[in-house]
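Note sheet for the following structure.
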Amino acid sequence: MVRLAEPPGFLTTTLDRAAAWAQTKSMWPAVFGLACCAIEMMATGAAHNDMGRFGMEVFRASPRQADLMIVAGRVSQKMAPVLRQVYDQMAEPKWVISMGACASSGGMFNNYALVQGVDQIVPVDVYVPGCPPGPQSLLHGILTLHAKVLEAAK
Amino acid sequence: MSDSTAAIAAAVEGAVIGDSLGQQTISVPVAQLATAAAAAKDNGYEMLVDLTSVDYLDRDPRFEVVVNLVSISAGVRLRLLAGVPGGDPTVPTLTTVYPGADFYEREIYDLMGIVFEGHPDLTRILLPDEWVGHPLRKDSSVGAVPVQFKSSNEVS
Amino acid sequence: MAKPPDLSTGDTEATITEAPKGAEADSSAEDSRRRTHDVWLSGTEEPDWIGKYTSEGAQEMLDEESDAVLASQRGAVVTDDFVLEDDVSDQETQIINMGPQHPSTHGVLRLQLELEGERVLRVKPIIGYLHTGMEKTAEVLTYLQGPTNVTRMDYAAPFFNELAFSLATEKLLGIEIPPRASAIRVMMTELNRIASHLLQLATNGMDVGALSMMIYGWRERELLLEFFEKVTGLRMNHNYIRPGGVAADLPDGWQDDIDNILYVMPRRLPEYEDMLSENPIWMERTQGVGVITPEECYAYGVTGPIMRAAGVAWDVRKAFPYSGIDQYEFDVATGKHGDVYDRYLVRLAEMRESLRIVQQVADSIPDGDYRSEDRKVTPPPRQRIDQSMEALIHHFKIFTEGFKVPPGETYVAVESPRGELGMYMVSDGGPKPWRLHVRAPSFAAVQAIPVMATDSIIGDLVATLASADPIMGDVDR
């Protein structure tokens, strides 16, 4: 979101909406595929279900260049600080999609080794259920996020 | 190929040949485990396939270290079993015989708490370094978090 | 147990000129000035606990390690002809961290490298970033629920995990499954082998620079995943192969789908060969890179395409056949040099052999039950529950308590696309396994990475890592 010093007026709200539109049309995801959901995330980027038509096929390896972190897979206790560090290194504005059951809530692994839900570590915008969610579910989640960003700018 | 099994058992004091559902096993005293592994390697078992541990809680000795070996040239498998007491579980390392036992022994140390004497770098491998406890032991709980289920009276 | 960091109280003071904790104390004044910044935006300082939780700790690669540790990090444990020259002084080397979040590490693998320029001197793999406690979870789930847990280990080839688990359970139970169930298992696992190798080729190609390989690989995978979805209901992590047989029979029209796959795949594989096999860039980057010798394979327990590319014709399907796979005719592909290029060729050949097996299964699949008739093990069909009290009781017992397995211990292995995947299962007579240990092939492959990475540059290391094909769910379980 664009923060401006002046109070909202006609020009600044239009600017807000234009900025949000631009952000949704090229929201670059960071490489954060952890487990099985990463395979389905790669499938979403491949030719059959093309994420490139939404401007998102470039997975940025460097978090500094990424807008969106799709946490795809189970987050273990050892990985949790790394996740937070990568999230902190991303520049504003940034969004998080928690993909799959393990990232959303710990999934079927309710045990000592996993963080029960990635929202204990980073703030999540959209949760995509599934184990793993198929590419169509992930795309639905991504489009929901786009709608959320556009809605917030109105 | 039972002659190689017999040869290995002969090289180790206190070895007992067994059969587990058609698979050859040799139970050895834990102090002789490295000797048994070396004897197996000399008798054609070139590859260490698996090294793991079991916690039989109410048994004495409490733990069991299981070594699965395979002979590529002969196409047979062998299992070595060694009972490890629960009070001070130490086992001689197999890395001098099979270098690939390195990570397996670290995993057993990490999750089960069995110490391998002579291992070059016995540190935690799967869990964070500052973890306390050994989760795979039977007296550790699985660590489940209580999960709430919304009652079905709520209309969505 | 490590406490999760308390993020509710953030550090929002705009403190400045504070070096992040965890940075090594450096004697040189210039370096320390480079590390501090004049201005930090408020709220973006590195939190205190980051340094502690993400530091190397006991896993740190030290300058002076013991000789045994140095040897394993240099990949020189097994004495062979290769001799490393020790001509680099310590001042010129740099210890750098690669991963766990990195586009080329195939999941969350962390490699600590000692580099001299671009040359890799030592490699220390650090794993555990995907540790899911599956072996502990397996002790809490019944044997019928077991495959759901185990299938998520090697998530690129989930049928193999389920197959190994089911075979181990059936061995302990002492039951035979009908030949149709075995044939279905063979067909699904061989198709999964093709899908897994496609994934590996795609990521290997992408890592080395052939980006279109990623698109081609996934295009073929969609074909296979659609078939899996038709048969099992899921594209991945199917929970289809269960103790006693398979979960459901093949759907109507499966023959046409298989015919389509068997028509399309052999015409697509030459596309990969056109793109890569004679490509001078591919050959330059993969020939002679990541070499492993058979002695080193034996020493580290590395099996699968890596071992076969090194020249050892060892395949669990031939040595210890399972599920009636010995009735089908197929060859075992081997390489000569043990480098990345040979592994690529071996995997291509294995895909062709798997297509051959699938053809034979589709032609000769017997009729019959798709699961064992033993009502103590297999749930009864749903329609019978309304009619028969006994069926209702069996259904109830199997799904709540689980069927009991006689006490014993066994080790069963299958040939997964990564090597020998084994399950060591101990039963105490109850409805849940007393201990389940999974022998993961990628665990041995990751351990052998320093061996394969001797005398590499970073680009070679990336290609080697891709060809070793570690799946971190398998490694960390």
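The values are calculated or read from the model by the stated rules, or taken from the named source; none is laboratory data. If you're wondering where the values come from, they're calculated on a predicted model, not measured in any experiment. FYI the Cβ positions are ideal-geometry reconstructions off the backbone, even for glycines, and counts take in every protein chain you see. To get the accessible areas, we keep the full protein, side chains included, count just its heavy atoms, and leave off ligands, DNA and RNA. Shrake-Rupley method; radii C 1.70, N 1.55, O 1.52, S 1.80 Å.
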Checklist outcome for this item: For residue A:59, the lone unmet condition from (1) more than 9 Å from chain C (Cβ to nearest Cβ); (2) within 14 Å of the chain's Cα centre (by Cα); (3) hydrophobic (A, V, I, L, M, F, W, C) is (1)
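To keep it simple, each residue is scored yes or no on (1) open to solvent by 10 Å² or more (accessible area, probe 1.4 Å); (2) of a type outside the set (Phe, Trp, Tyr); (3) within 9 Å of another protein chain (Cβ to nearest Cβ).
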residue: C:424; (1), (2), (3): no, no, yes
residue: C:431; (1), (2), (3): yes, yes, no
residue: C:442; (1), (2), (3): no, yes, no
residue: C:449; (1), (2), (3): no, yes, no
residue: C:454; (1), (2), (3): yes, yes, no
residue: C:463; (1), (2), (3): no, yes, no
Item to check | Subset of the range C:189-241 (residues that are more than 13 Å from chain A (Cβ to nearest Cβ), in contact with an Asp or Glu (Cβ under 6 Å, 6 or more places away or on another chain) and free of Cβ contacts under 8 Å to residues at least 60 places away in the same chain) | outcome: C:227
Item to check | Matching entry among C:274, C:326 (being over 30 Å from residue C:245 (Cβ atoms) and open to solvent by 10 Å² or more (accessible area, probe 1.4 Å)) | outcome: C:274
Next on the checklist: Looking at the range A:93-111 only, could you name the residues that are without any contact (Cβ under 8 Å) to a residue 40 or more places away in the chain and open to solvent by 10 Å² or more (accessible area, probe 1.4 Å)?
Outcome noted: A:94, A:101, A:104, A:105, A:107, A:108, A:110
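Give me the residue from the range C:287-323 that is away from every other protein chain (no Cβ under 14 Å) and at pLDDT below 90 and, out of that set, most open to solvent (accessible area, probe 1.4 Å). Before the answer, list the steps.
First, the residues of the range C:287-323 that are away from every other protein chain (no Cβ under 14 Å): C:287-291, C:305, C:309, C:323.
With the extra rule that they be at pLDDT below 90, the set shrinks to C:287-291, C:323.
Numbers: C:287: 88, C:288: 57, C:289: 11, C:290: 5, C:291: 58, C:323: 20 Å².
Filtering the range C:287-323 for residues that are away from every other protein chain (no Cβ under 14 Å) and at pLDDT below 90, the one most open to solvent (accessible area, probe 1.4 Å) comes out as C:287.
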Checklist outcome for this item: Apart from one, (1) open to solvent by 10 Å² or more (accessible area, probe 1.4 Å); (2) touching a residue at least 24 places away in the same chain (Cβ under 8 Å); (3) more than 14 Å from chain B (Cβ to nearest Cβ); (4) outside any loop (DSSP other than H, G, I, E, B) all hold for residue C:284; the odd one out is (2)
Next on the checklist: Of all residues being of a type in the set (S, T, N, Q) and not in a helix (DSSP H, G or I) in the range C:145-192, which is modelled with the lowest pLDDT? Just the residue, please.
Outcome noted: C:145
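Take the conditions within 13 Å of another protein chain (Cβ to nearest Cβ) and either touching a Gly at 6+ places or on another chain (Cβ under 6 Å) or β-branched (Val, Ile, Thr) (or both) and apply them to residue C:412. Does it pass?
Working: within 13 Å of another protein chain (Cβ to nearest Cβ): yes; either touching a Gly at 6+ places or on another chain (Cβ under 6 Å) or β-branched (Val, Ile, Thr) (or both): yes.
In short, yes.
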Checklist entry - Do we have residue A:85 as away from chain B (no Cβ under 14 Å) and open to solvent by 50 Å² or more (accessible area, probe 1.4 Å) here? => result no
Next on the checklist: Looking at the range A:27-36, can you tell me whether even one residue there is within 14 Å of chain B (Cβ to nearest Cβ), part of a loop (DSSP other than H, G, I, E, B), touching a residue at least 24 places away in the same chain (Cβ under 8 Å) and β-branched (Val, Ile, Thr)?
Outcome noted: no
Checklist entry - Only one of (1) within 21 Å of residue B:27 (Cα to Cα); (2) surrounded by fewer than 21 Cβ atoms within 10 Å (Cβ to Cβ); (3) not polar (S, T, N, Q) is not met by residue B:79, so which one is it? => result (2)
Checklist outcome for this item: residue A:125 fails exactly one of (1) out of contact with any Lys or Arg (no Cβ under 8 Å at 6 or more places or on another chain); (2) more than 9 Å from every other protein chain (Cβ to nearest Cβ); (3) on the phi < 0 side of the Ramachandran plot; (4) open to solvent by 10 Å² or more (accessible area, probe 1.4 Å), namely (1)
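Go over the candidates B:53, B:4 one by one and state the one that is surrounded by 19 or more Cβ atoms within 10 Å (Cβ to Cβ), among the small types (Gly, Ala, Ser), outside any loop (DSSP other than H, G, I, E, B) and in contact with a Ser or Thr (Cβ under 9 Å, 6 or more places away or on another chain). Talk me through it step by step, then tell me what you get.
Numbers: B:53 fails: in contact with a Ser or Thr (Cβ under 9 Å, 6 or more places away or on another chain).
When all the criteria are applied, what remains is B:4.
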